[in-house]
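Report on the following structure.
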Amino acid sequence: MNVDLIVQRPEGLYCPPGDFYIDPWRPVPRAVITHAHGDHARMGNGHYLASQKSEGVLRSRLGADIHLQTLAYGETVDHHGVRLSLHPAGHVLGSAQVRLEHGGQVWVASGDYFVSGAEDHNTTCEPFEPVRCHCFITESTFGLPIYRWLPQREVFDDINRWWQRNADTGRASLLMGYSFGKAQRILAGVDPAIGPIVTHGAVDPLNEAYRAAGVALPATHRVTDLDKAALSRALVIAPPSVQGSAWARRFGDASDAFASGWMQLRGARRRRAVDRGFVLSDHADWPGLQRAIRESRAERVIVTHGYEAIMVRWLQEQGLQAEAFETEYDDERVDAEKPAGDVESNE
């Protein structure tokens with residue numbers, strides 16, 4: 001009789017034969033971490049296992065002295081008879097899917113991942129790698145048919161045009177997005193020839209971790225580095241928490257914008273009360289979710305955070321064995337992306 005390789009426990013997703021957890025939300029002795037966002041990598045665990053690429057951002061966010069073991073993508077380790085390896089998820093720097101093999105079964109816990117129906121990949125990290133398995137655990141952050149991303153080059157062209165128009169009229173461009181992952185993806189995609197780029201202090205240490213990992217990002221400045229004339233042409237990248245703050249008011253009559261997959265919804269744009277909304281997400285869109293599940297060749301799919309019920313119903317209609325796990329992961333970080341209230345398709 002096959003034993004499930006991953007089950008739910010109050011502390012998080014648990015591997016019984018291996019006696020470890022994946023992205024636990026309460027402190028545990030041994031934790032495998034898919035990526036360094038705060039809802040998946042939390043403080044207080046005794047031992048962490050993660051990808052080599054994620055070491056810099058994990059130590060930046062959790063502390064330099066955490067007990068951290070790292071693996072290269074595709075490298076395997078055997079723990080209590082469970083063969084474990086990490087594979088690119090395409091979400092943020094170092095993000096990984098966790099492949100477990102034991103007793104003739106292969107399970108993959110994908111964490112958060114980016115696969116686009118437009119066949120883009122996130123240029124600031126390794127692209128998503130399909131991993132064949134018997135059971136695939138998938139997120140469903142944007143698990144509705146309305147979520148279909150445009151080619152990211154079109155999005156960045158739109159951002160550049162907005163920035164250029166503002167710079168031509170002497171108006172700073174404040175673009176808000178999550179400090180880890182979204183900010184670096186914006187930096188890698190915009191045209192630095194338009195003007196100087198200013199980053200908030202919360203973004204700077206993550207930029208350094210990306211650069212240390214070999215990711216090319218343009219030069220950036222702190223707000224105190226530039227005079228008033230330079231600031232009036234600047235692109236300012238900052239977390240959403242700065243909206244309406246004294247820090248943001250330093251840029252005068254700036255045009256403000258928000259970068260998020262949730263910007264596909266008019267209601268979300270209204271609630272954010274920004275001049276522009278750019279649809280840019282580090283998560284899979286609806287066609288991307290379908291593609292990732294299909295390419296896993298899994299006969300069983302377990303759905304986590306997002307639109308679980310809708311995804312489970314759709315998967316069952318495709319003839320797959322499907323169910324959901326209740327987790328404590330945010331659809332996207334509270335600080336960042338999901339607007340208050342429901343975001344069903346009537347928006």
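The values are calculated or read from the model by the stated rules, or taken from the named source; none is laboratory data. These figures come from a predicted structure and were not determined experimentally. A quick note on method: Cβ atoms are made from the backbone with ideal geometry, for glycine too, and the neighbour counts reach across all protein chains shown. These area figures cover heavy atoms from the full protein model, side chains too; ligands, DNA and RNA do not enter into them. Shrake-Rupley method; radii C 1.70, N 1.55, O 1.52, S 1.80 Å.
Rolling a 1.4 angstrom probe over the protein heavy atoms with all chains in place gives the chain an accessible area of 40 Å² per residue. Here each label is just a point 7 Å from Cα along the line to Cβ, and for R26 and D157 those points are 5.1 nm apart. Across the range 1-118, Cα-Cα distances exceeding 19 Å account for 42% of all pairs. Each listed q (0.15, 0.22, 0.25, 0.26 Å⁻¹) maps to a log10 I(q)/I(0) for the range 41-96, found by the Debye formula over equal Cα scatterers with no solvent: -0.43, -0.88, -1.05, -1.10.
For the pair H121 and D4 in one chain, pulling the backbone fully straight at 0.36 nm per residue adds 39.0 nm over the alpha carbon distance. In this rough spin-label picture, where each label sits 7 Å from Cα along the Cβ direction, the D227-Q243 distance is 3.4 nm.
Would you work out if the range 178-275 is rounded, prolate or oblate? Take a ≥ b ≥ c from the square roots of the eigenvalues of the alpha-carbon gyration tensor; rounded if a/c is under 1.5, else prolate when a/b is larger than b/c, oblate otherwise. It comes out oblate by the Cα gyration axes.
The share of accessible area on the chain that comes from carbon and sulfur is 48 percent, using a 1.4 angstrom probe.
Across the options G177, G63, G306, the greatest Cα extent toward the positive end of the charge dipole of the chain (unit charges at beta carbon of Lys, Arg, Asp, Glu) belongs to G177. Shown here: the chain, whose C-alpha atoms stretch 70, 47, 31 Å along the first, second and third principal axes, sorted largest to smallest. Note on the range 231-294: with charges restricted to the Cβ of Lys and Arg (+1) and Asp and Glu (-1), its dipole about the Cα centre is near 140 debye.
Our helix-only sum for the chain, with -39,500 (n - 2.57) per DSSP H run of n ≥ 4 divided by its residues, gives a mean residue ellipticity at 222 nm of -6000 deg cm²/dmol.
Of the residues A50, A292, A72, the one that moves most in a GNM of the chain with alpha-carbon contacts below 10 Å is A72. Farthest toward the positive end of the dipole of the chain, out of G44, W247, G18, is the Cα of W247, where the dipole comes from beta carbon charges about the Cα centre.
In this structure the amide hydrogen of I6, modeled in the peptide plane, comes within under 5 Å of no amide hydrogen from residues 5 or more places off or on another chain. Remark on the range 66-203: Rg and Dmax equal 19.0, 65 Å (Cα only).
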